[in-house]
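First comes the structure, then the notes that go with it.
The values are calculated or read from the model by the stated rules, or taken from the named source; none is laboratory data. Given the structure is predicted, the values throughout are model-derived calculations rather than measurements. All Cβ positions, glycine included, derive from the backbone under ideal geometry; neighbour counts span all protein chains shown. Ligands, DNA and RNA are excluded from the accessible area calculation, which covers all protein heavy atoms including side chains. Shrake-Rupley method; radii C 1.70, N 1.55, O 1.52, S 1.80 Å.
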Amino acid sequence: MKRKSLVLKSGLSGVFLIAIMLFLISKDVSQSYVTVLKLKTQCPPGFKKNSSNQCIAVNLYQQYDSPHDNGVGGLQTSLPEIRDGFSPQQIDLGRYLFFDPVLSGDGTVSCATCHDPKKGFADGLPTSIGHNGQKTKRGAPTLWNVAYLKKLFWDGRATTLEQQMQEPLFAAEEMNNTPKHLLESLNAIEEYRVMFAEAYPNKKIHEAIELHEIYTAISAFQSSLISLNSKYDHYAHGYHEALNANEIEGMNIFRSFVARCAECHTPPLFTNQQFAVIGSPEPNGLPLDPGAQVPFKDTTLRGAFKVPSLRNIAKTAPYMHSGKFKTLRETVEFYTQGRGHAVPKDENLIIHWHIWEPELSNYELDRLVDFLKTLTDETFIPQIPERLPSGLQPST
Amino acid sequence: MKTIFKFLGAFALLAIGILVGKNYFADNSEATVPIPPGMTYRNVGSTNDTLIAQSNSYNGKIIEVKSGGSIQEAVKNANPGDLIRVYPGTYSENVYIDKDNIALQGIVIDGEWPTLDGKKKINDAFLYSGNGILIENFKIIDYKGNGIMGQAGNNFVIRNNWIIDTGVYGIFPQFGKNGLIEHNVVSEIADAAIYVGMCDNVDVLHNETFNSVAGIEIENSRHCLVENNYVHDNTGGLLAFVTPGLPIKTTFDVIFRNNFVVNNNTPNFGAPGSTVAGIPTGTGVLIMAADDVILENNIITGNNNTGVTIVDLATGAPKANDPNSEGNPDRTIILDNIMFDNGNETTGELKAIMLTQLETKGPDIFAYGNGSGTIRDKNKYRTFGIDHWGPAQITDTKDVRTLMLPEPVPIKAVSKAELGELTYYGVCAGCHAFGNRLIGPPTEIIQAIHNGNPQGIVNYINNPKNLREDYPEMPPQDYLDDAAKIAVAEYILAMKPDEVTTSLNP
């Protein structure tokens, strides 16, 4: 008995000692982080900080109205409602998370892998490549101006960024993480815990990071990616010298009722945020992507995809949901090659009524491309962090 | 040979005679005929005649365009408030108007119209995005897209135009509020001759539309009065639609009043896939999913399929579903109308349905699918599908003189300080921040340099000079509006430091 209790006692005190040592070590570790990354206290460009420390979007389109506040119309029309109101700290924390491969299961893939700021926040691939070189089914859409979008994913199956990001984070062929592992890896990084406490002031410094805080921060960063100061915008606000004769001709073709581009790619965002079945072809050998039919369980939406915004479109080749077209020229040409010309013979899609036979000439197609290139503006491009709390290299 | 000279000589003598006679005997003074006592004619300004109900004013300069000139050149030189007068001649161009308050007025002389001729090569005759656009007295022929198309632009007036075969639409305002479309004659259009799309508060009055697929179409629009139009020999006459899949989802409060909707029996030549391609030949009035449509005092005769068809979306439009588009035509009201001689040659689905009723003739009023309505004097008409409709709760709409707004839609008021803020955060903040260096110098350094001198900032914006070796050269921001430049300069000078001024992380 005595022996046993002695063993027990020494064992207990041993555990105690180890615990104290661990405590001291961990204290040491946190002390070594005196140069912890400090989150920005100022809003990114395009946002003004209000007295509640929220970043509120401010841009020249706020000079205008739009019909039914829908954010569709002509040149001087206000934008759709934006998702804003995040704090500068949340936005900046989201920036670190966005570029940090620690968010993926094996620390190799970050959000920026497929949404690379150097590639228009897309990846330049027909369909994206995720964890372990696995090919996904669709192309990565740009994140520029994503704060204005009400439908996310090509098939519109998510309505918030928080909801959206959980799919790539936890999909086996994308970032291949699990909620549990994500929390474990972030909580193990002291610096992130400090940063999260800074971004969420109601949180105690050693309280564990929670999933919704990760989602909010990444949403905050994504919502800060604003591109509204292109040559086209200069024209729209009244400086008609901003576009040359070819570009203006392209703009008039774009909005005419022959080409009808603006009917769905409606300014000022260059999307009306609706679904459209346009019958664009899949890359060779791939079956037809049923698109919105699947999440909405509606056969009339077979082959339907969300109309994408065309802002910064020149930066995000290849085009269409699975990257069939390498250039803008090929893409615009698709629309004049005949209604439903690329639909597989055994399919009976309800092609959108604006897809018709506009008989655009080569000259007109060239002008359309000229115009599309005027929608480029990356002046508010965010900085890629030089160092990440995970110690990993910022990956794009 | 001789006889020809004789003939010419006689002709010349005759011409001289006419000329001499005109000069010597004609009374050159113009006279007005006095009004007989007791007669009270309407005086200009004392009535609600829409010809003078025009609240836009164009009191800028007058720019004249004569044959051989370019209307677009005139638009380029025009400022808001200017009137562009176009003289007879042929103008083959696409005129686009991205400015507010511009009036384009054709001058018809001796029956010669200023004519925009697209030669089947040019897309659109007029394309506008500005507010307060007036387009009147033009003949527009042979375009591929539209005669007149608006994309946004409130307070528009489109009148007295003569439009033939301009492609998909004759007159097509889209995303506009408060507009007037009147006294236009539009024909040979492959979709709707007059198409009001995603608009509000539009009057469509006194137009003639014919030989087109659709006469007048009100689509995803609200508060529209369609009155006194002569709509004949189209595939379908008057249409009130909800089309699913558009960003603005509803159609309601539409009055079809005092129109002639006659003999709309032209075979459908709409483009495959277009909404109107599904309209059965011989349709007088078609209400699809639109709510609160009132039919009053129309003469609806000789339409070979039906006088009036009322359908829900599920029946009427085989399109991709839109859960946000409500598909039932609710609360249709049919007041007094004249309808006879409709349904003489039914087609398609209706023919099959009528056969089940042991009828070969189509009805005056045909309702199919879901929806609701009321009707005054139901027994007057031959009807199908409205047995459950009760009597209308109103007898007429005479108190509704117009569905346009009493005043023009105001242009959003933005103060100088607001404009300065929008410009600073929307443009300048890409490179400048208060308290730290982004790309250009911090804002407080700009303040220090230009203290009390906003014009100094404006000059620099227009023509930057690289003053600092350690900073990149600023690109000119001369594209900004003059008002925005001075507003942002003043805004910058008035800015106060943020409570937190350091942010040194990479």
Checklist entry - Expressed as a fraction of 2.2 N^0.38 Å, the rule-of-thumb size for a compact globular protein of N residues, what is the C-alpha radius of gyration of the range A:354-396? => result 2.22
Next on the checklist: At 0.36 nm per residue, and after removing the present C-alpha to C-alpha distance, how many nm does the segment from residue B:496 to residue B:355 gain when stretched out fully?
Outcome noted: 42.7 nm
Item to check | Length-normalised contact order for chain A - Cα pairs under 8 Å, 6+ apart - percent | outcome: 20
Next on the checklist: Can you tell me how the range A:47-223 classifies by the Cα gyration tensor, rounded, prolate or oblate, using a/c under 1.5 as the rounded cut?
Outcome noted: oblate
Checklist outcome for this item: Ordering A:308-316, B:439-447 by per-residue average of other C-beta atoms within 10 angstrom, highest first, gives A:308-316, B:439-447
Item to check | Value of [θ]222 nm, deg cm²/dmol, for chain A, DSSP H segments ≥ 4, -39500 (n - 2.57) each, nearest 500 | outcome: -9500 deg cm²/dmol
Checklist outcome for this item: Classified through the alpha carbon gyration tensor (a ≥ b ≥ c as square roots of its eigenvalues; rounded if a/c is under 1.5, else prolate when a/b is larger than b/c, else oblate), the range A:192-337 comes out oblate
Checklist entry - Peptide A:247-254: average number of partner chain Cβ atoms within 10 Å per residue? => result 2
Checklist entry - Which of the peptides B:111-117, B:343-349, B:296-302 is most tightly packed, and how do the rest follow, judged by the mean count of other Cβ atoms within 10 Å per residue? => result B:296-302, B:111-117, B:343-349
Checklist outcome for this item: Here the relative contact order (percent) of the range A:47-223, from C-alpha pairs under 8 Å and at least 6 apart, is 22
Checklist outcome for this item: Note on chain B: contact order normalised by length, alpha-carbon pairs under 8 Å, 6 or more apart, percent, works out to 7
Checklist outcome for this item: Residues whose modelled amide H sits under 5 Å from the amide H of residue B:433, counting only those 5 or more places away in sequence or on another chain, are B:438, B:443
Next on the checklist: Using a Cα-Cα cut-off of under 16 Å, which aspartates and glutamates could be cross-linked to residue A:135, ignoring same-chain neighbours fewer than 8 residues away?
Outcome noted: A:123, A:167, A:173, A:174, A:282, A:289
Item to check | Peptide A:37-50, shielding by other chains (average Cβ, 10 Å cutoff) | outcome: 5
Checklist entry - Placing +1 at every Lys and Arg Cβ and -1 at every Asp and Glu Cβ, with all other atoms neutral, what dipole size does chain B have around its Cα centre, in debye to the nearest 20? => result 1040
Checklist entry - Sorted by packing (mean other beta-carbon atoms within 10 Å per residue), highest first, where do B:405-412, B:426-433 land? => result B:426-433, B:405-412
Next on the checklist: Counting heavy atoms of the protein chains only and a 1.4 Å probe, report the per residue accessible area for chain B as a whole number of Å².
Outcome noted: 45
Checklist outcome for this item: Averaged over residues of A:272-279, the number of beta carbons from other chains lying within 10 Å of each residue's Cβ is 3
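Please state the charge dipole magnitude for the range A:231-375, taken about the Cα centre, from unit charges on C-beta atoms (+1 on K and R, -1 on D and E), reported in debye and rounded to the nearest 20.
380
As an exercise, identify the trypsin sites (Lys or Arg not before Pro) in the range B:89-183 lying in DSSP coil whose Cβ has no more than 16 other Cβ atoms within 10 Å.
Passing both the DSSP loop test and the Cβ count: B:119, B:120, B:121.
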Item to check | Unit charges at the beta carbon, dipole of the range A:47-223: most positive-side option, A:107, A:217, A:58 | outcome: A:58
Checklist entry - Taking +1 at the Cβ of each Lys and Arg and -1 at the Cβ of each Asp and Glu, which of A:323, B:315, B:91 sits farthest along the dipole of the protein assembly as shown towards its positive end, judged by Cα position relative to the Cα centre? => result A:323
Checklist outcome for this item: With x for Gly and Pro, the residue-by-residue ³J(HN,Hα) of the range A:381-394, computed from phi through the Karplus equation 6.51 cos²θ - 1.76 cosθ + 1.60 at θ = phi - 60° and given in whole Hz, is 4, x, 6, 7, x, 6, 9, 10, x, 6, x, 7, 7, x
Item to check | Inter-label distance for residue B:399 and residue B:121, nm, one decimal - labels placed 7 Å from Cα along Cα-to-Cβ | outcome: 5.7
Item to check | Semi-axis lengths (Å, descending) of the ellipsoid that matches the C-alpha gyration tensor of the protein assembly as shown | outcome: 60, 36, 25
Next on the checklist: Using DSSP H assignments, which helices in chain B have an axial alpha-carbon span of 27 Å or above and a mean Kyte-Doolittle hydropathy of 0.5 or higher?
Outcome noted: B:2-25
Next on the checklist: At 1.4 Å probe size, with the rest of the protein present, what percent of the exposed accessible area of chain A is carbon and sulfur atoms?
Outcome noted: 57
Item to check | Cα gyration tensor shape of chain B, rounded if a/c is under 1.5, else prolate or oblate by comparing a/b with b/c | outcome: oblate
Checklist entry - Roughly what angle does helix A:362-372 make with the longest principal axis of chain A, taking Cα atoms, 0 to 90 degrees, to the nearest 10? => result 30
Checklist entry - Helix A:190-199: angle to the longest alpha-carbon principal axis of chain A, degrees 0 to 90, nearest 10? => result 60
Item to check | Cut-off under 5 Å, modelled amide H: who pairs with residue B:60 long-range | outcome: B:82, B:83
Item to check | the range A:231-375 - accessible surface per residue (Å², probe 1.4 Å) | outcome: 38
